[in-house]
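The values are calculated or read from the model by the stated rules, or taken from the named source; none is laboratory data. Because the structure is a prediction, the values reported are computed rather than measured. Every residue, glycine as well, gets a Cβ built from its backbone with ideal geometry; the counts of neighbours run over all protein chains shown. Accessible surface is based on the protein model in full, side chains and every heavy atom, while ligands, DNA and RNA are left aside. Shrake-Rupley method; radii C 1.70, N 1.55, O 1.52, S 1.80 Å.
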Amino acid sequence: MALLTPEDLKNINRQLQEADSAVRRVTGLDIKGVCKDFYGTTSCGEKIGIVPVTSGNGIIGNFSASLHAITEYFGFDSFVTNMPDVSGYYEAVRNGAQIILMADDNTFLAHNLKNGKIANNQPCTGIIYAEIASRYLKADSKDVLAVGLGKVGFPGVAHFVHKGFRVYGYDADRALLEKTVFSLGITPFDPENPRKFSIIFEATPCADTIPEAALSENCVISTPGIPCAISRELQEKYGVELVMEPLGIGTASMLYSVL
Ligand SMILES: NC(=O)C1=CN([C@@H]2O[C@H](COP(=O)(O)OP(=O)(O)OC[C@H]3O[C@@H](n4cnc5c(N)ncnc54)[C@H](O)[C@@H]3O)[C@@H](O)[C@H]2O)C=CC1
Ligand SMILES: N[C@@H](CCCCNC(=O)[C@H]1CCC=N1)C(=O)O
Ligand SMILES: [Mg+2]
C-alpha cells in the first residue's frame, strides 16, 4: 500500500497553486472549474469535518492539516477534530459537519451526511486526472498512453474508454494488463517498441515509468503517481505539461462528486 509521507505533503498550498496553473494551461479551466463542469455540482461553502484516524500505520504528519488547507483553498468551511477515530467522528457531527473526510490505510472517503452520497479517493483520483488529460487543448489525437492499471489507474483508463479515447495500456503486472485488455478492450503498450503520445496518464508508485520514446513535444503527463513518472530533465527537454499533485486534486474530485 503506497501511503503518503509528511514529506510528500510539504508546501501543499504551493503544490496546489502550481497544479492549478498546469490544469489551466492544459484545459483552459482551473481544478475547481473542471470538477464543477464534470460533476455538474457547485459548492456553497459546505462545512467539512476532517477526522484523523489512528488505525494501521497511524496518523500521517501533515495529512489532516493538508486536507484543511485543500478544502479551504476550494472554498469550503472546514475544521480538523481535536479527537481522532470514533470520538473525532462524534465531534465532527456534533460541530455541524455536513461532509466527513477521513482515511485509514486502505480507504480515504468523503461522506455527505445530508444527501447520503459517499466517495472513494482511488476512483475519484483516477477519473479526475483522466478527465483533465482528456480535455488537453493541444492534443493531436485521441490516443492515450496509460501506465499503471491498479486501484487509481484502472478507473482512470475506464473513464478514457468511456469518453471514446483509444488507450494503450501498460502495467508491470502482466495478469493485470491482460485483465484490463480483456475487460476494457484497450491495446497493450509494448515498451520494447514504443510510439509517441500527446496524452499520457500514469498511476504507479515508481519513478521514471514513462519511456523517453513515448514523449512527444508538449505532451501532457497527467499523473497522481508518487514519485514522479518522468525526470525533471525529460520534462524540460520535451516541454512536458506535467499535472501532478499529491492529494488536493483527488480530494476536490471526491468533494464535488458528493455535493
Ligand atoms: N496524487 C493523489 O491524489 C493520489 C496518489 N496516489 C498514488 O498513486 C499511485 C497508485 O496508487 P494505487 O493505484 O492505489 O496503487 P496500486 O498498487 O493499486 O496500483 C499501482 C499499479 O502500478 C503498477 N506498477 C508498479 N510499478 C510499475 C512500473 N514500473 N511500470 C508499470 N506499472 C507499474 C503495479 O503493478 C500496480 O498495478 C501510488 O503511488 C499512490 O500513492 C493514490 C491516491 C491519490
Ligand atoms: N490515517 C491517516 C491517513 C492515512 C492516509 C493513507 N492513504 C494515503 O496515503 C492515500 C490517500 C491519498 C493518497 N494516498 C491520518 O488520519 O492521518
Ligand atoms: Mg491529487
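Worth pointing out:
- Residue that is open to solvent by less than 70 Å² (accessible area, probe 1.4 Å), more than 16 Å from residue 258 (Cα to Cα) and within 13 Å of ligand 2 (Cβ to nearest atom), where the choices are 61, 28: 61
- Scan of the range 206-259 for residues that are part of a helix (DSSP H, G or I) and surrounded by fewer than 20 Cβ atoms within 10 Å (Cβ to Cβ), ordered by number: 212, 213, 232, 233, 234, 235, 236, 237
- Whichever residue in the range 188-205 is outside any strand (DSSP E or B) and away from ligand 2 (no atom under 16 Å from the Cβ) and, among such residues, is surrounded by the most Cβ atoms within 10 Å (Cβ to Cβ): 189
- Listed here are the strands (runs of 3 or more DSSP E) enclosed by the range 74-126 that have at least 1 residues being within 16 Å of ligand 3 (Cβ to nearest atom): 99-103, 108-112, 118-120.
- Among the residues examined, residue 132 does not qualify as closer than 25 Å to residue 16 by Cβ, more than 16 Å from ligand 1 (Cβ to nearest atom) and open to solvent by less than 20 Å² (accessible area, probe 1.4 Å).
- Members of the range 213-224 found to be touching a helix residue (DSSP H, G or I) at 6+ places or on another chain (Cβ under 9 Å) and either of a type in the set (D, E, K, R) or within 14 Å of residue 132 (Cβ to Cβ) (or both), listed by number: 220, 221, 222, 223, 224
- Index of the failed condition, residue 185 passing every other in (1) closer than 21 Å to residue 249 by Cα; (2) open to solvent by 20 Å² or more (accessible area, probe 1.4 Å); (3) of a type outside the set (A, V, I, L, M): (1)
- Test: residue 202 is farther than 28 Å from residue 76 by Cα and within 12 Å of ligand 1 (Cβ to nearest atom): yes
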